[in-house]
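Shown next, in structure tokens, is the structure this report addresses.
Here, each number is a calculation from the coordinates, and none is a lab measurement. What you see is a predicted model; the values in this text were computed from it and never measured. With ideal geometry, Cβ positions are generated from the backbone for all residues, glycine too; neighbour counts draw on all protein chains shown.
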Amino acid sequence: MPAGINRQWVVASRPRGAVAETDFSYREAPLPTIGDGQFLVRTLFVSVDPGLRGWLTRSPEYLSQALDLYLDAYFVTRGQMRVPPEYSAPLHIGSVMCSQGLGQVVESHHPDYAVGDFVTGLLGWQDYCSSDGATRVPVSRFKRVHPLPRYLGVLGNSGMTAYFGMLDVARPREGETVLVSGAAGATGSIAAQIARIQRCRVIGIAGGPEKRRWLTEELGLDAAIDYKSENIDLRLTELCPDGVNVYFDNVGGRTLEIVLDHMATWGRIALCGTISAYDHGGTPAGPANLARLATSRIRMEGFLAPDYGPRYREARRQLSAWLATGSLKPCEHIHEGFENIPRAFLGLFQGTNIGKAMVKLTDVPIAR
Ligand SMILES: NC(=O)c1ccc[n+]([C@@H]2O[C@H](COP(=O)([O-])OP(=O)(O)OC[C@H]3O[C@@H](n4cnc5c(N)ncnc54)[C@H](OP(=O)(O)O)[C@@H]3O)[C@@H](O)[C@H]2O)c1
């Protein structure tokens, strides 16, 4: 990277239907300058997440609510008062694409942030941003104990989503059958392992034979279904003759409809996301069999991880403990190179990732 240049990917157009690489364009900007009380962050890893798809097409009102929710979680976590952000929601054409990232402070005029500190926050698809830690590109600082990618995966938003979605919303009990869709992805792979730690019988649904093998052989799930080559309905009939007690749903759509027919009485569905619908142009069809919720007394509940912001510390402590004992295996899918950020993002909708997808921008964090 040439010195003094801030590489950026900006929103070039709003996708109609499937997002394309041409919806982003590359730009070079000067490095941001920093004033008193500010510091300069160099991005080391960019996180790519399915939810970013909504940031490309959703209304400004929706985006500002989503940003508020994120910031509330951030401020509550840090025990600070909520301060209105100067951050401009990245919905405009020509704005730097928004996303979580992990970076390092490389220059500081802030008393609490030293050169070399590691931070996570909405750094965006760019090499550098300036921050004052709170109101302008808010960031959370962390002490590196685990390898850096873990702070975007198990110890980042994916871990928080899996932890609270599984333990607070789905609430599996020992011996129950738990089904997870998107099971080889960032959230799903952690959610499935948490259910296994709760001594449940765990079945994952994912696309392709490699992911099916990975789920049983590497993660130790009891069974896995390759939804691309197998009939989910038939496989659930074979695997779950007494029904599914808990369904952690990352995909929605037709899979949700099929699973509803296999839910056991008093079952629980944690609605985490509906990725099967994100990259479509039109309105996705809903399940036609919602009456099953009443006849089988099923609780289906959606949730958003940032609502649990005040309890993130608790989740990180427990997830770290599981990592330390080896009962939770981390998995990160690390793409290399700034130029590959849009491709890595598109890959989420094509299923190219196993575990948490992110892009490494540089090999050279400052030693700390
Ligand atoms: N509620 C919350 O607070 C919250 C927070 C974060 C994420 N989420 C949601 O959680 C879900 C997973 O997100 P993530 O960050 O963990 O991403 P991820 O699972 O790591 O990546 C997306 C995966 O989705 C699968 N997929 C893509 N298109 C699909 C389709 N049409 N049908 C079925 N599966 C499809 C792909 O795996 P296959 O190869 O198996 O198809 C892909 O690897 C998303 O729905 C996301 O919106 C919710």
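Where both partners of a DSSP beta bridge lie in the chain, what percent of those bridges are antiparallel, to the nearest 5? Don't skip to the end; give the middle numbers.
Details: 31 of 58 bridges.
Restricted to the chain, the bridges split so that about 55 percent are antiparallel.
What percent does the relative contact order of the chain come to when contacts are Cα pairs within less than 8 Å and at least six residues apart? Show your work: numbers first, answer last.
Values: 789 pairs, mean separation 69.2, N = 368.
For the chain, the relative contact order is 19 percent.
Which FRET efficiency, nearest 0.05, do residue 238 and residue 314 yield, Cβ-Cβ r, R0 30 Å? Could the numbers behind the result be given before it?
Values: r = 38 Å, r/R0 = 1.27.
The pair residue 238/residue 314 has a calculated efficiency of 0.20.
If I build a Gaussian network model for the chain, linking alpha-carbon pairs within less than 10 angstrom, which residue out of 36, 249, 49 has the largest mean-square fluctuation?
Sorting by GNM fluctuation, first place goes to 36.
Which shape class applies to segment 293-368: rounded if a/c is under 1.5, otherwise prolate when a/b exceeds b/c and oblate if not, where a ≥ b ≥ c are the square roots of the Cα gyration tensor eigenvalues?
Values: a/c = 2.32, a/b = 1.42, b/c = 1.64.
Note, shape of segment 293-368 comes out oblate.
Using alpha carbons only, what's the Rg to Rh ratio of segment 163-298 with Rh from Kirkwood?
0.93
Output wanted: per-residue J couplings in Hz (rounded whole) for segment 19-29, from phi through Karplus 6.51 cos²θ - 1.76 cosθ + 1.60, θ = phi - 60°, x for Gly and Pro.
Values, residue by residue: 5, 10, 4, 6, 6, 10, 10, 8, 8, 10, 10 Hz.
If I take the Cα coordinates of segment 124-181 and project them onto the principal axes, what are the three extents in Å, biggest first?
Dimensions of segment 124-181 along the principal axes of its Cα atoms: 49, 25, 20 Å.
Placing +1 at every Lys and Arg Cβ and -1 at every Asp and Glu Cβ, with all other atoms neutral, what dipole size does the chain have around its Cα centre, in debye to the nearest 20? Each step should come with its number before you reach the end.
Numbers: 38 positive and 37 negative charges, 117 e Å.
Its charge dipole is roughly 560 debye.
For segment 117-227, what relative contact order do you get, as a whole percent, if you take Cα pairs closer than 8 Å and at least 6 residues apart?
Values: 172 pairs, mean separation 19.3, N = 111.
With pairs under 8 Å counted, the relative contact order is 17 percent.
May I ask you to list the lysines whose Cα is less than 30 Å away from that of residue 228, ignoring any residue fewer than eight positions away on the same chain?
211, 329, 356, 360
Averaging over every viewing direction, what projected area does the convex hull of the Cα atoms of the chain cover, in nm²? The partial results should precede the final answer.
Details: hull surface 71.5 nm².
So the mean shadow area of the Cα hull is 17.9 nm².
Could you work out [θ]222 nm for the chain from helices alone, using -39500 (n - 2.57) per DSSP H run of at least four and dividing by all its residues? Round to the nearest 500 deg cm²/dmol.
Numbers: 10 runs with 94 residues, N = 368.
It lands at -7500 deg cm²/dmol.
Using Cα pairs under 8 angstrom and six or more residues apart, how large is the relative contact order of segment 200-326, in percent?
Details: 165 pairs, mean separation 22.5, N = 127.
Once normalised by length, the contact order is 18 percent.
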